[in-house]
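Novice: Structure incoming, see below.
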Amino acid sequence: MAVDYFHRLAVRGPRQAVRAFRHRMHREYERAVAGETWTEIVPFSFAALYELAPSARRVEREIPSDPYELSVWPVKRIDQRHVEVRYQFQTRNLEMAALLQALSRALPSLTFILTTFCLDDSSIDSHRLRSGKTHTWTMPERREAFHWNRARKKFGLVGDDVYEDDTASDWAEQAMLEEAFRRWDRADGPRRGRYSWRNQHVLRDLETERELAVYAVAAARSQVPSRGMRDAPRRPTAPAIVSWEDQALGQDVTWEHVVVLVGKLLRLRARGRSRFLIVARAHPHRFVQFGAGQSPGALRGEAISNYFLAGEVGRLRQLARARKAGRGARSARLPRALQTRGVLLSKADRAALCGLGWQEPTSRTPNFWRTWRRGVDPADVANVAVNTLRDAFGIRSPRGLEVICGSHSPSG
C-alpha cells in the first residue's frame with residue numbers, strides 16, 4: 001500500500017552546533033486517548049525541522065507526520081573538534097534527502113549523512129549534505145550480490161532461500177546499510193569503529209500509532225472531538241468514514257453495492273498518491289487496503305495476516321483476564337468483542353487468499369499483498385476486495401463493514 005523508508009542519519013559538526021541542533025529538534029507533546037494521558041517524546045520532530053528550515057515547505061507544503069520507530073543516540077566525539085549525533089527512524093511515503101538539503105542550507109556548519117533503505121524495492125541510497133549541496137551514492141547491484149553471497153555462505157543457504165530466511169536477510173541488509181553509511185568516512189575524517197544501531201529505546205513505534213489511529217477513527221464515527229491531541233505538528237488528515245450501518249440504514253445492502261462503491265472510491269483515490277482506502281470489519285478484525293504502488297499509476301493492495309492478528313489475540317486475552325479478575329471466576333460469558341476464537345486466519349483462509357492472487361507475507365511486508373499495473377480497471381480490483389472479504393475471510397454479509405478513505409498528508 002504505502003511506501004516505507006528506513007533511515008539512518010548522522011549529524012556532524014562543532015560540539016556546540018551539534019548540541020544546539022539536538023536540543024532544537026527535540027519536542028515533547030501531551031497526548032490523551034481513551035482517558036489516558038502521557039507525554040510523547042519526539043527527538044527528531046518535523047515541526048522543528050520546518051522551524052529551522054522554512055524552505056522545506058518547497059519540498060512538502062504541509063508538515064509531515066513525525067517519524068516512526070525513532071531512536072536517538074548521545075552526542076559522541078569523533079575527533080578533537082567535531083562530534084556527531086545519530087538518529088534512526090522510518091517514514092511513510094516521504095523521502096528525506098530533499099528535506100535535509102533544505103536543513104543543511106539553513107545550518108551550514110553541520111554535515112548530514114543520510115542512508116535510506118526503501119522497504120518496497122530494497123534499494124539503498126547514501127547522501128552527504130552540507131550547505132545545501134548533496135552528494136549521492138546508490139548501492140550497485142554487484143555490491144548487493146556480494147553481501148547476499150556472503151550471507152549464503154555464512155548461513156549455509158543456496159539460491160533464493162537466503163531471501164526467505166529472516167536471520168540471513170537481516171544480516172545481509174545490515175551489512176549493506178553499514179557499507180552505505182560508511183561511504184563518506186574519508187570526507188569526514190578518520191575512520192570510526194563499527195556502529196551499533198540496536199542499543200537505544202524506540203519511540204513512536206508503528207504498532208502503537210496504528211492503535212491510536214483506531215481510536216481516532218472511533219472518535220470520528222461518534223463525532224466526539226479527540227481531546228488532548230496536540231495541534232502542532234499537524235497529524236495526517238482524519239479519515240473520512242463511511243459505515244454501512246449509517247449509510248445503508250433501511251436498505252438491503254448487497255455485495256454488488258460494495259463492488260460499485262469501492263470501484264468509485266478507487267477512482268477518487270487515484271487523484272492523490274498519498275490517499276488510501278481501507279475496507280474493514282471490527283471483530284474478528286479483517287481488512288483489505290489499497291494505496292499507491294511504487295511505479296507511477298500503479299496500485300498496491302494488502303490483506304491482513306496473522307502477523308498483526310497474533311498481537312490482537314494477546315491484547316484480547318489480557319483484557320479478558322482483567323475482566324475476570326474484576327468480576328470473579330464465575331463471571332458471565334465474555335462478550336464477543338473479547339473472544340479470541342476465530343481471530344487468527346486458518347490454513348484454509350490463507351490458502352484462499354493465495355488462490356485469489358495475494359502473495360504470502362514477507363519480513364518486509366507482513367501482510368498479504370499484491371500489485372496492479374497502471375491502467376487497471378478499478379472494478380476488477382473492487383471484485384478482488386469483495387471476493388477476499390466474502391470468500392477468503394468468510395464474511396457473510398457486508399452489513400457492519402466500514403470503508404475508510406484518508407490521506408497520509410493533508411495535501412493528499
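The values are calculated or read from the model by the stated rules, or taken from the named source; none is laboratory data. Predicted, not measured: the structure shown is a model, and the values here were computed from it. As a convention, Cβ positions derive from the backbone with ideal geometry for all residues, glycine included, and neighbour counts pool all protein chains shown. Ligands, DNA and RNA are excluded from the accessible area calculation, which covers all protein heavy atoms including side chains. Shrake-Rupley method; radii C 1.70, N 1.55, O 1.52, S 1.80 Å.
Novice: Mind checking which residues of region 51-69 are assigned to a loop (DSSP other than H, G, I, E, B) and open to solvent by 50 Å² or more (accessible area, probe 1.4 Å)? Write out each step before concluding.
Specialist: So in region 51-69, the residues assigned to a loop (DSSP other than H, G, I, E, B) come out as 53, 59-67.
Correct list: VAL59, GLU60, ARG61.
Novice: Just checking: which of the helices (runs of 4 or more DSSP H) contained wholly in region 154-267 hold 3 or more residues that are farther than 30 Å from MET139 by Cα, at pLDDT below 85 and open to solvent by 50 Å² or more (accessible area, probe 1.4 Å)?
Specialist: Values: elements: 161-164, 166-181, 206-221, 244-247.
It comes to 206-221, 244-247.
Novice: For the list (1) part of a strand (DSSP E or B); (2) open to solvent by less than 20 Å² (accessible area, probe 1.4 Å); (3) farther than 13 Å from LEU100 by Cα; (4) at pLDDT 90 or above, I need the number of the one condition that GLU40 fails.
Specialist: (4)
Novice: While we're here: Limited to region 113-134, what total is found for residues that are closer than 21 Å to LEU52 by Cβ and open to solvent by 10 Å² or more (accessible area, probe 1.4 Å)?
Specialist: As a first pass, look at region 113-134 and keep what is closer than 21 Å to LEU52 by Cβ: 113-114, 116, 127-134.
After this cut, where a residue has to be open to solvent by 10 Å² or more (accessible area, probe 1.4 Å) as well, the list is 116, 127-128, 130-134.
Qualifying residue count, region 113-134: 8.
Novice: Looking only at region 349-374, count how many residues are open to solvent by 50 Å² or more (accessible area, probe 1.4 Å), part of a helix (DSSP H, G or I) and small (Gly, Ala, Ser).
Specialist: 2
Novice: Among the residues of region 375-412, how many are open to solvent by less than 50 Å² (accessible area, probe 1.4 Å), in a helix (DSSP H, G or I) and either at pLDDT below 85 or more than 17 Å from LEU266 (Cα to Cα) (or both)?
Specialist: 1
Novice: Let me ask something else. At pLDDT below 90, open to solvent by less than 30 Å² (accessible area, probe 1.4 Å) and not in a helix (DSSP H, G or I) - does that describe any residue in region 79-92?
Specialist: No, the conditions are met nowhere in region 79-92.
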